[in-house]
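Only one structure is covered here, and it is reproduced in the block below.
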Amino acid sequence: MLKVKYVKSLARFALVLAYSYLCSMEIKQAEFTLSAPVVSMCPKDTKPEYAFIGRSNVGKSSLINMLTNNKKLAKTSATPGKTLLINHFIINKEWYLVDLPGYGYAKRSKKEVDKLDQMIRGYILQREQLVNVFVLVDIRLEPQKIDLDFIEWLGVSSVPFSIVFTKADKLTPNKCRQAMEAYKKKLSETWDELPPMFLTSSEKKDGRDDVLDYIESINRELAAQ
Ligand SMILES: Nc1nc2c(ncn2[C@@H]2O[C@H](COP(=O)(O)OP(=O)(O)OP(=O)(O)O)[C@@H](O)[C@H]2O)c(=O)[nH]1
Ligand SMILES: [Mg+2]
C-alpha cells in the first residue's frame, strides 16, 4: 500500500518537547477578529495561523476556549453544527487561532455539506499563512473513516498537521493510552512517519501546555527564518 510521507520531520517534535521543559507560553490577550464565509474574506494579515478541524461536536471551539482561558471566546454547543464560518481569533497580537466548521454532521443536506466542504478545503489550501492544522479526534471512538480520509487528504496536499485527541476526561488514563496506541497503529498502515499527537480535555484543561508549547515552538522557528 502507498505510504504517505509526513511533511514535517520528527526533529521538530523533539525540539518542541525539549522546549516545553524550558518554558510555557502565556496567553496575554485573545480577541475575536472576524468570521468569513470564504478564504478571500479572511483577515488581510500575514501573521501565522493555526486552524482546528474535525467532526462536528468533537470539541474544536471548546479547545480554543480552553487554550485561551476564555469560555466565551468561541461559540460552543452540545448540538453539532454550531460553527459555520471561518473564525479568526488573534492571540497576543502576534498569531491567530482559527475555528473551522466541523465535517460529518449527518443532519446536513448535500448542498450544505458541499458548501462547508468547499469553505474548509478552500481555506486550508489557499491560506498561505496557515502553518499547522490541528485535526481533532474524539478519544472515545475507534478510528473513523471520515477522519482518516481527511488526514490523508492533508497529507497528499502537503499541509502540515497534528492530531489532537479530545474529551480525555471521558476515559480512564489507561483507556486513553490504549486508544492512542490503536490510532497510531491504524495510521501506520498508511503513513511511514506519524504526526505529532496531543491528548486533551477541555473540561479538565489537560494538554493545554503541550499544545501551546508546540505552537510557540513553531512561532519561534518562523521568527528565526
Ligand atoms: N467532557 C468533555 N466535553 C467536551 C470537551 N470538549 C468539548 N466538549 C463538549 O462537546 C460539545 C461540542 O463542543 P464544541 O466545542 O462546540 O464542538 P465543535 O467541534 O466546535 O462543534 P461544531 O462547531 O458544531 O463543529 C459541547 O457540549 C462541549 O461541552 C471535553 O474535553 N470534555
Ligand atoms: Mg465549533
Seminar exercise, completed: When restricted to M1, M41, the only residue modelled with pLDDT of 95 or more and of a type in the set (A, V, I, L, M) is M41
Exercise. Hey, among the residues in region 191-224 that are out of contact with any Ser or Thr (no Cβ under 8 Å at 6 or more places or on another chain) and assigned to a strand (DSSP E or B), which one's modelled with the highest pLDDT?
Worked result: L199
Exercise. Hey, among the residues in region 64-80 that are within 8 Å of ligand 1 (Cβ to nearest atom) and either acidic (D, E) or exposed (fewer than 12 other Cβ atoms within 10 Å of the Cβ) (or both), which one's modelled with the highest pLDDT?
Worked result: A78
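For the structure I just gave you, tell me whether K107 is more than 12 Å from ligand 1 (Cβ to nearest atom), surrounded by fewer than 22 Cβ atoms within 10 Å (Cβ to Cβ) and of a type in the set (K, R). Talk me through it step by step, then tell me what you get.
Working: more than 12 Å from ligand 1 (Cβ to nearest atom): no; surrounded by fewer than 22 Cβ atoms within 10 Å (Cβ to Cβ): yes; of a type in the set (K, R): yes.
For K107, the condition - more than 12 Å from ligand 1 (Cβ to nearest atom), surrounded by fewer than 22 Cβ atoms within 10 Å (Cβ to Cβ) and of a type in the set (K, R) - is not met.
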Exercise. Of the residues in region 148-192, how many are surrounded by 15 or more Cβ atoms within 10 Å (Cβ to Cβ), touching a residue at least 60 places away in the same chain (Cβ under 8 Å), of a type outside the set (F, W, Y) and more than 16 Å from ligand 1 (Cβ to nearest atom)?
Worked result: 4
Exercise. If the Cβ limit is 8 Å and pairs must be 6+ apart or interchain, which residue in region 57-77 that is within 23 Å of L141 (Cα to Cα) pairs with which residue that is charged (D, E, K, R) and near ligand 2 (Cβ under 10 Å from one of its atoms)?
Worked result: K60/D99; S61/K75; S61/K82; S61/D99; I64/D99; T76/K82
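For region 153-175, indicate whether the set of residues that are in a strand (DSSP E or B), aliphatic (A, V, I, L, M) and either more than 16 Å from ligand 2 (Cβ to nearest atom) or modelled with pLDDT of 95 or more (or both) is non-empty.
Start the filter on region 153-175 by keeping residues that are in a strand (DSSP E or B), which leaves 161-166.
Right, trim to aliphatic (A, V, I, L, M) and you get 163-164.
If we keep only those that are either more than 16 Å from ligand 2 (Cβ to nearest atom) or modelled with pLDDT of 95 or more (or both) too, we end up with 163-164.
Within region 153-175 (the criterion being in a strand (DSSP E or B), aliphatic (A, V, I, L, M) and either more than 16 Å from ligand 2 (Cβ to nearest atom) or modelled with pLDDT of 95 or more (or both)), the answer is yes, since at least one residue qualifies.
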For this session: Would you check if there is a residue in region 84-95 being closer than 17 Å to V137 by Cα, in contact (Cβ under 8 Å) with a residue 12 or more places away in the chain and either away from ligand 2 (no atom under 13 Å from the Cβ) or small (G, A, S) (or both)?
Result: no
Problem set entry | Cross-chain or 6+ apart pairs with Cβ under 9 Å, region 27-50 first and on the phi > 0 side of the Ramachandran plot, then at pLDDT 95 or above and in a helix (DSSP H, G or I) | none
Seminar exercise, completed: Checked against (1) in contact with a helix residue (DSSP H, G or I) (Cβ under 9 Å, 6 or more places away or on another chain); (2) exposed (fewer than 15 other Cβ atoms within 10 Å of the Cβ), D45 satisfies every condition except (1)
Exercise. Quick check: is even one residue across region 119-133 crowded, with 16+ Cβ neighbours inside 10 Å, within 16 Å of ligand 2 (Cβ to nearest atom), under 17 Å from S56 (Cα atoms) and more than 15 Å from the chain's Cα centre (by Cα)?
Worked result: yes
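The values are calculated or read from the model by the stated rules, or taken from the named source; none is laboratory data. What you see is a predicted model; the values in this text were computed from it and never measured. Cβ atoms come from the backbone with ideal geometry, glycine included; neighbour counts cover every protein chain shown.
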